[in-house]
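Data first, discussion second: the structure below is written as structure tokens.
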Amino acid sequence: MKLHEYQSKQIFAEYGVPIPKGRVATTADEARAIAEELGGRVVVKSQVLVGGRGKAGGIRLADSPEEAGSLATEILGMQIKGLPVRKVLVDEAASIATEIYLGVTNDRAARCPVMIASAEGGVEIEEVARTDPEKIHRVWIDPLLGLREYQARYLASSIELAREHWRTFIQIASGLYQAYVSSDATLAEINPLVVTEDDRLLALDGKMVLDDNGLFRHPDLAEMRDLDEEEPAEGEARKYGLSYVRLDGNIGCMVNGAGLAMATMDVIKFFGGAPANFLDIGGGATAEKVAVALEIILKDAHVEAVLFNIFGGITRCDEVARGILAALEQVDTNVPMVVRLVGTNEEAGRRLLAKAEMITATSLADAAKKTIAAIKEA
Ligand code: GDP
Ligand code: MN
């Protein structure tokens, strides 16, 4: 789950990271009132869950409350990378001397968190990694020891930060790491962390991604989920306990089990097709769950065929078949469907589906080939 900039910065502040004064607004009037309260120059920032808002014109400086109000009107009417802006953050503007990048994420290969710093802040770190990899500095953190002071000092020296800022930088790095660990985050990032003209360090931007599997331990953080911002189908799927991730191919997949779903996607690709989604209906899925899953798959306009790959263990094939039939009654579709059902009650499942117009397959390879062929024919 991604958090907005204003939410991430609030969490960072709780761990001692200095952030600019400011508040979030949903209307131009509110934005003007906040600017008035703050006094002086402010920055009006679109709150959408994508990066590169600055380049897209979603971050603007205002010299007066009136200007803040009119910029808020403009920004609240914008779409950034397809996402409508529903909130703006109005912050005290900072006069920037230098922009730094500081972030923590998991290094899966090293099996521990890694803290990354670069003197090339303000631009996307992926871009820096591509063009100037030597400008990225990393320290790997032992989860039992936490971030050690010498590691933070090493980063400060690597990015050639002036000595007078080292103490504050170490506090910020340690606060960021604490925020990351305490929230069960997979990413906590400050980009840019700035040195201001009057020699203060300030987190101007914040980004956090939380591990969905850890959210049950943080009801307060779970409440921060912005339902307006997420892919509606993914929210719907979560409600029914389905794991669904939308991809950009044209073959809808319904599979029981995450590993089998991954294998199914691989086999589709192996035969030259492209999956439209990852979908795990889980073990022992009921007919109702299957019906919801099929509706979710078919709502994606890119889907040109659906492949069901069900390996019946705890999941019963006849129950899945009933779900497919129930869903087909509710949704009107002429998308070709290919089914591979094996395992518990497969005979009963096949009998039920015989009535529906579906293509049956005996193996996963057979199913993938038939699905791709069906799309070509249609
Ligand atoms: P992003 O583009 O989505 O990453 O949004 P950021 O919050 O990082 O803002 C992008 C850029 O806008 C920053 O790198 C800064 O250069 C600039 N910016 C953001 N806030 C301020 C501010 O208060 N004052 C000034 N002068 N520039 C700012
Ligand atoms: Mn940024």
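Annotations
- Within segment 112-124, considering residues that are crowded, with 18+ Cβ neighbours inside 10 Å and outside any loop (DSSP other than H, G, I, E, B), the one farthest from ligand 1 (Cβ to nearest atom): Pro113
- Some residue of segment 208-226 being in contact (Cβ under 8 Å) with a residue 60 or more places away in the chain, within 16 Å of ligand 2 (Cβ to nearest atom) and not assigned by TED's automatic domain parsing to the domain that holds Thr315: yes
- Positions within segment 110-155 being under 26 Å from the mean Cα position of the chain (by Cα) and of a type in the set (Ser, Thr, Tyr), in sequence order: Ser118, Thr131
Residues checked against (1) crowded, with 16+ Cβ neighbours inside 10 Å; (2) within 23 Å of the chain's Cα centre (by Cα); (3) at negative phi:
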site	(1), (2), (3)
Arg163	no, no, yes
Phe169	yes, no, yes
Ala173	yes, no, yes
Tyr177	yes, yes, yes
Ser182	no, yes, yes
Leu187	yes, yes, yes
Ile190	yes, yes, yes
Val194	yes, no, yes
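- Here segment 76-96 is the region considered, the condition is being more than 10 Å from ligand 1 (Cβ to nearest atom) and aliphatic (A, V, I, L, M), and the residue that is nearest to Ala203 (Cα to Cα) is Val90.
Condition check ((1) more than 14 Å from ligand 1 (Cβ to nearest atom); (2) closer than 18 Å to Leu202 by Cβ; (3) not assigned by TED's automatic domain parsing to the domain that holds Thr196) across all residues:
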site	(1), (2), (3)
Lys2	no, no, yes
Gln7	no, yes, yes
Ile11	yes, yes, yes
Leu38	no, yes, yes
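- Contacts under 7 angstrom Cβ, first residue in segment 106-124 being within 23 Å of Leu193 (Cα to Cα) and without any contact (Cβ under 8 Å) to a residue 24 or more places away in the chain, partner more than 13 Å from ligand 1 (Cβ to nearest atom) and of a type in the set (Lys, Arg), 6 or more apart: Ile116/Arg138; Glu120/Lys135
- Failed item in (1) of a type outside the set (Lys, Arg); (2) under 30 Å from Ala285 (Cα atoms); (3) surrounded by 13 or more Cβ atoms within 10 Å (Cβ to Cβ), with Asp205 passing the rest: (2)
- Qualifying positions in segment 36-74 - surrounded by fewer than 16 Cβ atoms within 10 Å (Cβ to Cβ), more than 16 Å from ligand 2 (Cβ to nearest atom), within 11 Å of Ala93 (Cα to Cα) and not charged (D, E, K, R): Gly39, Gly40
- Of the residues in segment 114-128, not one is charged (D, E, K, R), in contact with a Ser or Thr (Cβ under 7 Å, 6 or more places away or on another chain) and within 16 Å of ligand 2 (Cβ to nearest atom).
- Members of segment 245-275 found to be surrounded by fewer than 17 Cβ atoms within 10 Å (Cβ to Cβ) and of a type in the set (Val, Ile, Thr), listed by number: Val245
- Highlighted here are the strands (runs of 3 or more DSSP E) found entirely within segment 277-350 that include at least 1 residues which are over 26 Å from the mean Cα position of the chain (by Cα), of a type in the set (A, V, I, L, M) and buried (at least 23 other Cβ atoms within 10 Å of the Cβ): 305-312, 337-343.
- When segment 323-378 is filtered for residues that are at pLDDT 90 or above, farther than 25 Å from Met262 by Cβ and of a type in the set (Asp, Glu), the ones remaining, listed by number, are Glu347, Glu377.
- Whether a residue is outside the structural domain of Ala203 (by TED's automatic domain parsing) and more than 16 Å from ligand 1 (Cβ to nearest atom) was assessed, and Ala109 does not pass this test.
- Near pairs, Cβ below 7 angstrom, 6+ apart or cross-chain, from segment 42-53 (more than 9 Å from ligand 1 (Cβ to nearest atom)) to any residue that is of a type in the set (Gly, Ala, Ser) and outside any strand (DSSP E or B): Val44/Ala31; Val44/Ala68; Val44/Ala72
- Residues satisfying the criterion are absent from segment 60-75 (criterion: near ligand 1 (Cβ under 10 Å from one of its atoms), without any contact (Cβ under 8 Å) to a residue 60 or more places away in the chain and under 19 Å from the mean Cα position of the chain (by Cα)).
The values are calculated or read from the model by the stated rules, or taken from the named source; none is laboratory data. Please read all numbers here as calculations on a predicted model, not as lab measurements. All Cβ positions, even for glycine, are placed from backbone atoms using ideal geometry, and neighbour counts span all protein chains on display.
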